[in-house]
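Undergrad: Quick one: this structure, given as structure tokens, is what I'll be asking you about.
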Amino acid sequence: MTSTASSTDTRQGQASHEQRPSWQQRLRRFGYSAAPRGDVRDQLVPPYVKPSPRMWQFLGASGPLADRITRWSGWGGPLLVTLLAGVLRFWHLGSPKAVIFDETYYAKDAWALIHRGFEVSWDKNANKSVLELADKVPIPTEAAYVVHPPVGKYVIGLGELMFGFNPFGWRFMTALLGTLSVLMLCRIGRRIFRSTFLGCVAGALMAVDGLAFVMARTSLLDGVLMFFVLAAFGCLVIDRDRARAKLAAALPVDADGRARPDAHIAETLRLGLRPYRWLAGLMLGLAIGTKWNGLYFLAAFGLMTVAWDIGARRVAGAGRPYWAVARHDLGLAFLATVPVAVVTYFASWTGWILSPTNGKGGYYRDWATANGRTSDWSWLFPDWWLSLWHYENQVYDFHVGLSSPHTYQSNPWSWIVDGRPVSFFYESPLPGRDGCPSDAGGKCAREVLAIGTPVLWWAAAAAVLYVLWRWLLRRDWRAGAIACGVAAGYLPWFLYQERTIFFFYAIVFLPFLCLAVAMLLGAIIGPPRSGDTRRVIGATAAGVLVLLIAWNFIYFWPLHTGTSIPIDEWRSRMWLDTWV
């Protein structure tokens with residue numbers, strides 16, 4: 001057993017620099033370094049950074065109280081950040097009292113779904129009636145052609161059921177999910193960085209991002225999509241820790257109490273059903289059931305979780321980690337994600353499926369009945385399947401062919417630098433009306449602008465480069481996971497540069513940008529083993545950047561909330577010509 005563990009250690013990289021492959025030696029000039037080796041348990045499941053109670057003692061807390069606060073910080077810190085995010089998002093949530101931007105589709109579709117089971121065709125003046133009559137507005141019966149699946153609209157409809165058919169009601173659930181996303185990001189960041197501080201920094205950055213703020217206060221689908229994607233990612237991160245902990249617990253221990261790699265255990269140990277991976281499949285199915293670009297995350301996260309298994313078995317000592325994963329993990333990984341996501345997606349159409357097939361149900365629900373079974377194999381499938389398949393084909397053609405020009409459309413190249421935000425709402429109130437100061441000297445501007453906090457997004461552009469360097473040359477799995485999330489949410493849009501697309505689609509990968517900035521800030525602060533001078537300088541620089549981001553969010557607050565400001569103050573916030 002000892003000789004086997006020793007030979008595995010050699011394969012894992014304890015050879016001298018001269019024995020390393022030549023490509024590693026060449027990459028060292030660019031910063032490449034092999035991972036240090038110690039107790040394999042610490043490599044598989046690194047310990048959390050222990051917070052120091054000194055700060056709380058400095059603030060006057062007694063020794064026992066400071067220790068208790070420190071122990072609770074793993075949840076206490078994220079909950080405080082979430083409280084801040086919630087207060088910001090729910091403050092005057094019903095303002096502006098209007099149907100803004102694409103709420104004209106999703107708020108009404110949600111109301112129809114929860115009452116009829118399918119979307120209906122509203123009159124062109126329906127928005128005015130909705131604002132005046134609210135719950136008493138008549139719901140049409142004619143089915144409407146819609147191009148997005150129903151999950152996100154059902155979510156919006158939950159808020160309408162609880163609080164009525166009004167702006168607060170149709171924005172409630174997006175605000176709630178936007179707030180919970182901050183909590184999830186804090187906890188995910190804490191888990192991957194093994195630092196409560198950096199996890200809370202990541203969550204705080206999203207709490208004060210303008211795009212996340214506006215999307216949480218508007219009943220659009222993309223914020224719902226982001227929530228399910230982030231939840232799936234969090235489930236997979238938990239699954240990664242639990243699987244690696246099981247591997248670590250099974251490894252043999254030497255005379256010094258250190259776990260040693262073992263090829264037999266690493267290649268044969270079964271890791272069980274792994275419930276968090278199945279939960280991730282459910283979340284990904286709900287993401288796809290909200291908007292189809294959730295499919296890219298299903299593919300990317302599926303590959304990512306398998307790559308994590310390969311890395312875990314390799315660290316544990318497997319000589320053939322790919323074969324071990326293919327034999328013991330790959331099948332269950334597929335079953336837990338793809339079939340679960342597919343079943344979840346089709347289950348989300350239950351309301352449409354159960355609607356009448358006599359022309360009074362959902363759009364295209366009677367297609368198979370009216371058009372017959374034209375294929376030799378059509379007898380194998382029920383009518384609802386054939387009708388839904390036809391519907392989905394029509395929707396696909398719509399999405400890939402959408403090229404109608406829009407004032408606020410943008411190219412994805414500009415997203416990462418906040419190049420072209422989207423105006424959701426704009427009015428020019430006269431002095432003394434709708435919050436416009438009576439001494440304004442002219443009309444005011446009242447706008448809800450979907451724009452990311454500029455300093456945060458510009459820092460994120462640099463942070464993405466840092467993350468790529470950490471992944472490619474330092475083999476840092478955390479950087480790879482962050483890069484995977486950004487790539488799955490961002491890169492697919494480059495395939496559709498001629499399509500009508502908008503900056504607010506970027507909300508789906510914003511949490512990963514916040515993780516990237518938090519990781520960069522951690523590098524600026526420096527590792528715990530650094531000298532006091534290095535840490536003080538680093539902490540000061542990182543603190544200044546965070547304060548600049550917070551100030552930037554406050555500065556743009558009127559543009560996020562539809563607050564009336566004099567037109568000159570509005571112009572002073574239009575930093576780039578492309579923002580107008």
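The values are calculated or read from the model by the stated rules, or taken from the named source; none is laboratory data. Because the structure is predicted, anything quoted here is derived from the model rather than measured. We place every Cβ from the backbone using ideal geometry, glycine too, and count neighbours over all the protein chains shown. Note: accessible area is taken over every heavy atom of the protein model, side chains too, but ligands, DNA and RNA are not part of it. Shrake-Rupley method; radii C 1.70, N 1.55, O 1.52, S 1.80 Å.
Undergrad: Would you mind working out the accessible area per residue for the chain, using a 1.4 Å probe, and quoting it in Å²?
TA: Dividing the accessible area of the chain by its residue count gives 46 Å².
Undergrad: Across the chain, how many lysine pairs separated by 8 or more positions, or lying on different chains, have Cα atoms within less than 27 Å?
TA: Taking the chain as the scope, the lysine pair count is 27.
Undergrad: Would you work out what percent of the accessible area of the chain, with all protein chains in place, is carbon or sulfur (probe 1.4 Å)?
TA: Ligands and nucleic acids excluded, carbon and sulfur reach 63 percent.
Undergrad: DSSP loop (so not H, G, I, E, B), at most 11 other Cβ within 10 Å: list which trypsin sites (Lys or Arg not before Pro) in the range 481-580 pass both filters.
TA: Sparse-neighbourhood loop trypsin sites (Lys or Arg not before Pro): 529.
Undergrad: Using label points projected 7 Å from each Cα along Cα→Cβ, tell me how many nm separate residue 494 and residue 162, to one decimal.
TA: Output for this residue pair reads 4.0 nm.
Undergrad: Cα-based Rg (one decimal) and Dmax (whole number) for the range 517-580, in Å?
TA: Values for the range 517-580 (Cα only, Rg and Dmax): 17.3, 52 Å.
Undergrad: Expressed in nm to one decimal, what extension gain is obtained for the pair residue 135 and residue 578 from 0.36 nm per residue of sequence separation less their Cα-Cα distance?
TA: Answer, rounded to one decimal: 155.5 nm.
Undergrad: If you stretched the chain out fully between residue 334 and residue 95, how much longer would it get, using 0.36 nm times the residue separation minus the C-alpha to C-alpha distance?
TA: Separation in residues times 0.36 nm, less the Cα-Cα distance, equals 81.6 nm.
Undergrad: Between residue 529 and residue 307, what's the calculated FRET efficiency when r is the beta-carbon distance and R0 is 30 Å? Round to 0.05.
TA: It comes out at approximately 0.55.
Undergrad: How much FRET efficiency would the formula 1/(1 + (r/R0)^6) give for residue 568 and residue 79, where r is the Cβ-Cβ distance and R0 is 45 Å, rounded to 0.05?
TA: 0.65
Undergrad: Moving on to the next point. I want the antiparallel fraction of DSSP beta bridges within the chain, as a percent rounded to 5.
TA: That works out to approximately 100 percent antiparallel.
Undergrad: In Å, what Kirkwood hydrodynamic radius results for the range 130-288 from the alpha-carbon pair distances?
TA: With all distinct Cα pairs of the range 130-288 included, I get 18.8 Å.
Undergrad: Can you give the longest run of the chain that contains no chymotrypsin sites (Phe, Trp or Tyr not before Pro) sitting in a DSSP loop with at most 11 other Cβ atoms inside 10 Å?
TA: It works out to 92-376.
Undergrad: Report the FRET efficiency, 1/(1 + (r/R0)^6), for residue 404 and residue 540, where r is their Cβ-Cβ distance and R0 is 51 Å, rounded to 0.05.
TA: For residue 404 and residue 540, the calculated efficiency is 0.55.
Undergrad: Ok, one more. Once you have the Kirkwood Rh of the range 122-221 from its Cα pairs, apply Stokes-Einstein at 25 °C and 0.890 mPa s and quote D in µm²/s.
TA: Diffusion coefficient, whole number: 157 µm²/s.
Undergrad: Residue separation times 0.36 nm, minus the C-alpha to C-alpha distance between residue 241 and residue 350: what's the value?
TA: 35.7 nm
Undergrad: Using a 7 Å offset from the Cα along the Cα-to-Cβ direction at both residue 555 and residue 438, what is the distance between the two label points in nm, to one decimal?
TA: Result for the modelled spin labels: 3.2 nm.
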